Amino acid sequence: MDSKTLLVFLVVCFLSEFSYGQRDKKFFRKDYTYIESEQSFYKVHLVANTFNEAKRICALEGSMLFYAEDVKEFKAVASFWQRTQPHIPWVFVGLSDQMSEGIFETVDRRPMSEVYNNWQRNQPSDELNNEDCVHMDLIGTMNDYRCDSKTKFICKKTLQSLEWNNNCNMSNSDYIYNQDIGKCYKLHTTPMNWTDAYAACRIESTSLALINNRMEADYLAKLTENTPEPLVSEQYLQGVYHVGFHNRFLEGWQTVEGTPMNVDAELWFNNKLPQNHYEEC
């Protein structure tokens with residue numbers, strides 16, 4: 001099936017023995033580091049992205065693109081950055097004038113004057129009228145920069161904002177636990193291709209849903225029936241959803257966990273397992 005314009009399921013298994021923490025445990029996600037002095041969690045992303053994509057990734061992780069509240073926080077984060085990723089010279093920070101030229105704001109719409117700011121000499125320059133975002137170096141100086149350029153970035157989650165989904169043992173409250181199945185599910189209604197759907201799941205520390213039996217198939221079908229169609233202008237296949245099976249390597253169908261697909265034919269359209277070896281998703 002064409003993988004370009006479908007919707008996506010996400011799924012995370014409910015495993016009660018995982019020690020994912022609540023606020024009192026000072027634990028958000030295992031890929032975030034807690035800095036006690038700032039009462040916040042931080043993650044340096046090693047894959048460069050555009051400013052808007054960096055914002056999106058942080059949001060999917062339940063956090064926000066980092067900007068320093070003050071000199072104290074900058075020094076704490078710079079120390080963490082220097083200690084863990086000293087080879088990264090610059091990162092995007094959550095500041096831009098995308099809304100109105102010359103009016104720099106944080107990603108949560110606070111004036112730049114209210115937070116840490118330290119422009120390099122003769123900056124911002126808005127070179128070629130195309131520098132609306134901000135990146136910062138390890139010594140804390142800032143430069144306006146093209147938003148569509150790609151660079152590394154840092155995400156931040158405050159301890160105060162941390163809420164816990166006790167049923168799913170995770171911070172993301174969008175997931176709903178199904179007691180009969182023993183898993184938590186979230187239905188994404190933004191059309192995307194299969195690989196982007198896979199990435200969105202992994203960013204949320206989950207995976208595309210695997211359908212193992214009739215009970216799971218019926219539950220997911222009911223979940224889609226109760227969800228309004230997204231209001232988007234782009235073309236996509238309505239009523240069709242990505243799940244966690246693929247033939248991306250043309251070596252036979254397998255799950256996103258890397259195991260051979262073992263699903264009853266009755267769960268497939270017309271009770272027929274996929275025969276076209278050139279279809280990938």
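Quick note: the coordinates plus some simple rules give every number you see, no bench work behind them. All figures in this text were calculated on a predicted structure; none of them were measured in a lab. Note: ideal-geometry Cβ built from the backbone for every residue, glycine included; neighbour counts use all protein chains shown.
Sorted from greatest to least, the principal axis extents spanned by the alpha carbons of the range 80-212 come out as 62, 32, 30 Å.
Ranked by how many other Cβ atoms sit within 10 Å of their own Cβ, fewest first, the residues Met136, Met170 fall in the order Met170, Met136. The ranking of Ser207, Ser173 from fewest to most other beta carbons within 10 Å of each one's beta carbon is Ser173, Ser207.
Can you list the residues of the range 56-70 with backbone N under 17 Å from a point 7 Å past the Cα of Gln160, pointing along Cα to Cβ? Under 17 Å, as judged by backbone N against the label point of Gln160, lie 63-70 of the range 56-70. Full extension of the segment from Asn52 to Asp70, taken as 0.36 nm per residue of separation minus the current Cα-Cα distance, would add 4.1 nm.
Multiplying the residue separation of Ser100 and Thr84 by 0.36 nm and removing their Cα-Cα distance gives an extension gain of 2.2 nm. Modelled this way, with points 7 Å down the Cα-to-C-beta line, the labels at Ser125 and Arg109 are 3.3 nm from one another. One quarter of the convex hull surface built on the alpha carbon atoms of the range 23-158 amounts to 7.9 nm², the projected area averaged over directions. Peptide packing: for 91-98, 40-47, 109-116, the average count of neighbouring Cβ atoms within 10 Å per residue gives the ranking 91-98, 40-47, 109-116, highest mean first. Estimated from the Cβ-Cβ distance and a Förster radius of 51 angstrom, the FRET efficiency linking Asn212 and Gln39 is about 0.80.
Taking a sphere under 11 Å around the Cβ of Asn49 and counting the other residues whose Cβ falls inside, with K and R at +1 and D and E at -1, yields a net charge of +2. Local charge for Asn122 was computed over the other residues whose Cβ lies under 15 Å away, with Lys and Arg +1 and Asp and Glu -1, and equals -3. Checking the Cα-Cα distances for Lys150/Lys186; Lys43/Lys150; Lys156/Lys186; Lys183/Lys222; Lys43/Lys183; Lys30/Lys72 against a 19 Å cut-off, the pairs over it are Lys150/Lys186; Lys156/Lys186; Lys43/Lys183; Lys30/Lys72.
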